[in-house]
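The values are calculated or read from the model by the stated rules, or taken from the named source; none is laboratory data. Predicted model, so just to flag it, every value in this text is computed and none were measured. Neighbour counts run over all protein chains shown; Cβ positions are idealised from the backbone, glycine included.
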């Protein structure tokens with residue numbers, strides 16, 4: 001992709017969390033926007049064993065912590081119940097927890113034998129879907145005994161990243177294996193014991209890249225899958241005949257999204273694409289955020305970078321656009337790319353960027369650089 005873009009010196013101009021005491025003391029692992037209420041609100045799961053809920057006051061430009069819940073062990077994922085103000089959290093001790101935002105109560109709704117990487121509430125079936133490093137996918141009914149799951153199956157691989165838009169599930173696993181599944185066909189799939197797995201498009205290049213992020217875009221006309229690798233490469237593919245099979249994809253574009261060239265040696269350092277996503281209504285708008293301390297907005301149709309946000313080397317650990325496409329919440333901090341040696345070298349920070357019209361579309365007549 002072309003790198004001509006609008007460079008923005010970013011976070012000091014965005015909406016920041018009000019006080020230092022309301023910030024996580026460790027890395028943010030997940031950001032999930034709430035589907036409830038009139039006030040923009042999102043939850044974060046953190047490695048300091050807490051879930052935090054933040055309210056966005058647009059008029060006063062304040063991001064304030066509304067509430068927090070202790071999870072007792074580091075939390076890898078958090079997601080909202082689509083019908084009620086409740087949160088599901090997956091923890092490193094294998095527990096799956098339910099928090100009621102209105103009452104403050106909590107309960108354990110299930111256990112895995114390994115850390116829980118993802119949890120998704122499925123309103124259509126009143127079930128909770130979870131993925132774990134015990135290499136299983138399971139379904140739970142929170143109204144039943146938490147020690148028993150409805151059903152599930154062995155994946156055979158560890159889930160590193162995932163995304164879910166009913167009825168489609170995408171899971172990036174180790175050994176470059178990707179699971180694409182239509183949950184409407186789950187019974188048939190389980191009876192056949194043949195899961196619709198494909199190889200990551202990033203594994204087809206000269207250098208293999210372990211998946212670090214994956215994202216779905218679904219519209220009546222098209223289904224797309226975005227893949228991000230730990231070497232900064234990004235691939236966007238379209239799913240061929242998604243109503244019949246999820247094992248055939250066609251690559252649209254592959255490009256290096258997160259890399260840095262040293263001026264003296266011209267050597268390139270590669271950084272993981274920690275997260276990515278599409279605009280809710282625009283299949284050609286893609287955002288990526290990485291370990292190079294940058295968040296990029298891309299126009300896939302024009303093959304250009306629209307805007308670049310530079311955080312001066314501090315990794316962007318997570319980023320998520322709200323369902324309206326108006327706001328982008330993101331977290332800065334250590335992404336563990338250098339192991340324990342880099343622990344707490346970058347304190348965590350949470351911000352919200354209000355999307356501008358000029359950041360959504362590439363304008364070939366406006367290639368100037370600006371900062372704010």
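Looking only at the stretch 142-166, which residues are modelled with pLDDT of 90 or more, buried (at least 16 other Cβ atoms within 10 Å of the Cβ) and over 21 Å from residue 30 (Cα atoms)?
Matches in the stretch 142-166: 155, 157.
Here are some residues: 274, 284. Which one is crowded, with 24+ Cβ neighbours inside 10 Å, out of contact with any helix residue (DSSP H, G or I) (no Cβ under 8 Å at 6 or more places or on another chain) and assigned to a strand (DSSP E or B)?
274
Across the stretch 192-201, which residue is modelled with the highest pLDDT among those that are over 20 Å from the mean Cα position of the chain (by Cα) and part of a loop (DSSP other than H, G, I, E, B)?
Step by step, filter the stretch 192-201, then rank; the result is 196.
Condition (residue is outside any strand (DSSP E or B), modelled with pLDDT under 90, touching a strand residue (DSSP E or B) at 6+ places or on another chain (Cβ under 7 Å) and crowded, with 21+ Cβ neighbours inside 10 Å) applied to the stretch 357-369: is it met by at least one residue?
Looking through the stretch 357-369, at least one residue is outside any strand (DSSP E or B), modelled with pLDDT under 90, touching a strand residue (DSSP E or B) at 6+ places or on another chain (Cβ under 7 Å) and crowded, with 21+ Cβ neighbours inside 10 Å.
Name the pairs: first residue in the stretch 252-271 and at negative phi and at pLDDT 80 or above, second residue exposed (fewer than 11 other Cβ atoms within 10 Å of the Cβ) and part of a loop (DSSP other than H, G, I, E, B), Cβ to Cβ under 9 Å, at least 6 apart or on different chains?
Note: pairs meeting the criteria are 268/262; 269/262.
Output the residues belonging to the stretch 210-229 that are surrounded by 24 or more Cβ atoms within 10 Å (Cβ to Cβ) and touching a helix residue (DSSP H, G or I) at 6+ places or on another chain (Cβ under 8 Å).
211, 227, 229
Tally up the residues in the stretch 130-160 that are touching a helix residue (DSSP H, G or I) at 6+ places or on another chain (Cβ under 8 Å) and in contact (Cβ under 8 Å) with a residue 24 or more places away in the chain, please.
So the answer is 4.
Please go through the stretch 16-30 and give me each residue that is surrounded by 15 or more Cβ atoms within 10 Å (Cβ to Cβ) and part of a helix (DSSP H, G or I), ordered by number.
Matches in the stretch 16-30: 22 only.
Can you confirm whether the stretch 312-326 contains a residue that is farther than 20 Å from residue 48 by Cα and either at pLDDT below 80 or more than 19 Å from the chain's Cα centre (by Cα) (or both)?
Scanning the stretch 312-326, I find at least one residue that is farther than 20 Å from residue 48 by Cα and either at pLDDT below 80 or more than 19 Å from the chain's Cα centre (by Cα) (or both), so the answer is yes.
Looking at the stretch 88-113 only, could you name the residues that are in contact (Cβ under 8 Å) with a residue 40 or more places away in the chain, farther than 20 Å from residue 33 by Cβ and part of a loop (DSSP other than H, G, I, E, B)?
94 - this is the single residue of the stretch 88-113 that is in contact (Cβ under 8 Å) with a residue 40 or more places away in the chain, farther than 20 Å from residue 33 by Cβ and part of a loop (DSSP other than H, G, I, E, B).
Residues that are surrounded by fewer than 17 Cβ atoms within 10 Å (Cβ to Cβ): which strands (runs of 3 or more DSSP E) entirely in the stretch 40-82 hold 3 or more of them?
62-70
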